[in-house]
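The structure appears right after this line, and notes come after that.
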Amino acid sequence: TLICQLEYLISFLPNIKIKKNVNYANGEIDLIAFSEIENTALCFQVKSTIAPDSARTVERVTDRVLEGMKQIQEFEKWDALQKQTLLNKEFEVTLNDTSIINLLLTRSCAGSTGSWVINDKYKIINYPLFASIIAQKVKSDDLSIKNINKEIETAQNDLLSKSKSKVVMDRLQIGKFIIEFPNIYSEFQDIIAINYSTFSQLKEFEEPHC
């Protein structure tokens, strides 16, 4: 499952403790990755939807991502003391002022543009891109998690730049009718190349690990 694959990726970072399916009064956090050394916790909501192949499935993926957003917002309703108490209990520590970073992980995409309104505040990351970030961290021996939000933002911007994506109005003629529709073009080869370094560093990142 996607949660197990996420656990596999995080296993490459030393001194990180992991708790899955952490329940609290208002809901559940799918996975928490905690660094006592950095006093930082990554709180993941994981939405393991398949890649959409139609307008209907795009809508379904969007709904799941928005569901994850609501789960993050529920956790954010807790004050700092409540969050700290939860983390201290789950990881058997007595710390203060832990930095909590909420992330939303998907299998492939996040659906329509309606999902992306949260990305400025809570980063959305899909599994292959997160794997590429971990692979780069392993390669460069930078194993810190405290700047993960900035690293995700950099990876997202790099992906946008390399994809050279653009929307072009195309035409399709069916008999005497001409249908005009927006089509997205991207440089897929440049995007695929991002995965090469991932495979070289994380040999089993595509395995289920459960």
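The values are calculated or read from the model by the stated rules, or taken from the named source; none is laboratory data. Everything numeric here is computed off the predicted structure, so don't read it as measured data. No Cβ is skipped: glycine too gets one built from the backbone with ideal geometry, and neighbour counts run over all protein chains shown. Heavy atoms of the whole protein, side chains included, go into the accessibility calculation; ligands, DNA and RNA do not. Shrake-Rupley method; radii C 1.70, N 1.55, O 1.52, S 1.80 Å.
Key figures for this structure:
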| quantity | calculated |
| --- | --- |
| Members of the stretch 5-16 that are surrounded by 15 or more Cβ atoms within 10 Å (Cβ to Cβ) and either acidic (Asp, Glu) or farther than 23 Å from Asp97 by Cα (or both) | Gln5, Leu6, Glu7, Tyr8, Leu9, Phe12 |
| Some residue of the stretch 103-119 being at pLDDT 90 or above, small (Gly, Ala, Ser) and assigned to a helix (DSSP H, G or I) | no |
| Only listed residue being within 22 Å of Ile50 (Cα to Cα) and either at pLDDT 85 or above or polar (S, T, N, Q) (or both), chosen from Gln201, Gln173, Gln156 | Gln156 |
| Condition broken by Met169, with the remaining ones in (1) open to solvent by less than 30 Å² (accessible area, probe 1.4 Å); (2) outside any helix (DSSP H, G or I) satisfied | (1) |
| Residue within the stretch 127-137 that is touching an Asp or Glu at 6+ places or on another chain (Cβ under 7 Å), aliphatic (A, V, I, L, M), within 22 Å of Glu207 (Cα to Cα) and at pLDDT 90 or above present | yes |
| Total residues in the stretch 107-143, condition of a type outside the set (S, T, N, Q) and open to solvent by less than 30 Å² (accessible area, probe 1.4 Å) | 15 |
| Meets criteria (surrounded by fewer than 20 Cβ atoms within 10 Å (Cβ to Cβ), under 18 Å from the mean Cα position of the chain (by Cα), modelled with pLDDT of 95 or more and not aliphatic (A, V, I, L, M)) for Thr1 | no |
| Test: residue in the stretch 152-160 that is of a type outside the set (D, E, K, R), open to solvent by less than 80 Å² (accessible area, probe 1.4 Å), in contact with a strand residue (DSSP E or B) (Cβ under 7 Å, 6 or more places away or on another chain) and within 18 Å of Tyr127 (Cβ to Cβ) | yes |
| Test: residue in the stretch 142-154 that is in a loop (DSSP other than H, G, I, E, B) and hydrophobic (A, V, I, L, M, F, W, C) | yes |
| Enumeration of residues in the stretch 38-89 that are more than 14 Å from the chain's Cα centre (by Cα), under 21 Å from Ser144 (Cα atoms) and touching a residue at least 40 places away in the same chain (Cβ under 8 Å) | Glu38, Asn39, Thr40, Ala41, Leu87 |
| For Glu92: the one exception among (1) without any contact (Cβ under 8 Å) to a residue 40 or more places away in the chain; (2) more than 19 Å from Asn23 (Cα to Cα); (3) open to solvent by 40 Å² or more (accessible area, probe 1.4 Å) | (2) |
| Enumeration of residues in the stretch 1-40 that are closer than 19 Å to Asp141 by Cα and touching a Lys or Arg at 6+ places or on another chain (Cβ under 6 Å) | Phe34, Glu38, Thr40 |
| Lone unmet requirement of (1) of a type in the set (Lys, Arg); (2) surrounded by fewer than 11 Cβ atoms within 10 Å (Cβ to Cβ); (3) closer than 20 Å to Ile32 by Cα for Lys146 | (2) |
| Residues that are polar (S, T, N, Q), over 29 Å from Leu13 (Cα atoms) and either in contact with a Ser or Thr (Cβ under 8 Å, 6 or more places away or on another chain) or open to solvent by less than 10 Å² (accessible area, probe 1.4 Å) (or both), drawn from the stretch 34-80 | Thr62 |
| Residue tally, condition open to solvent by less than 30 Å² (accessible area, probe 1.4 Å) and at pLDDT 95 or above, over the stretch 17-33 | 6 |
